[in-house]
Amino acid sequence: MAAFAETHQCEWRERAEELERENLTLKERVGRIESQLALLQRTVFGKKSEKLPRVEDELRKSSGDVLRPHEATLKERRRKREARATLPERVIHHRVPDEARRCPACGGTALKPLGPGKRTEILEHVPAHVERRSTSRRRSSVPAARASSPRPHRRPLSRASTARASWRTW
């Protein structure tokens with residue numbers, strides 16, 4: 001009887017095989033549409049995009065990986081900090097031009113240094129090697145005034161200097 005079923009060809013068997021193929025393609029299509037619907041529901045009805053978890057974290061959860069412990073993150077930061085400290089350093093000093101060394105409040109020119117200055121570090125890739133570039137900007141003020149001398153070149157003021165315009169860093 002089994003041999004008869006395999007060799008038997010009729011319109012009902014052909015129709016059944018055709019319906020099975022169509023069923024498989026429809027199942028694949030429904031799976032794609034369900035995943036699209038889940039994504040759309042998440043974006044429309046879920047948390048706002050600023051609060052959504054990162055895609056990498058979601059993929060890591062689905063694959064079974066665990067997040068790195070806090071100690072491992074701190075250890076990697078410490079290792080990178082030590083590697084930065086070993087880079088060659090080039091210090092660039094920005095001096096206030098003599099014509100700009102004047103107090104904006106009183107116009108006085110008897111300026112004295114105001115602390116060690118503001119130091120900024122930038123990691124810069126120079127072809128063939130990487131070096132750490134430190135920029136030192138002097139601060140100065142008139143002893144009687146509360147305002148410091150203007151900056152040697154124009155750059156946007158930092159938040160701290162806009163809040164207290166009398167103490168500018170440069």
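Points worth noting:
- The range 15-47, residues that are among the hydroxyl-bearing types (Ser, Thr, Tyr) and under 18 Å from residue 58 (Cα atoms): 35, 43
- Looking only at residues of the range 39-71 that are modelled with pLDDT of 80 or more and more than 20 Å from the chain's Cα centre (by Cα), we find that the one that is nearest to residue 123 (Cα to Cα) is 71.
The values are calculated or read from the model by the stated rules, or taken from the named source; none is laboratory data. As the structure is a computational prediction, the values presented were derived from the model and not from experiment.
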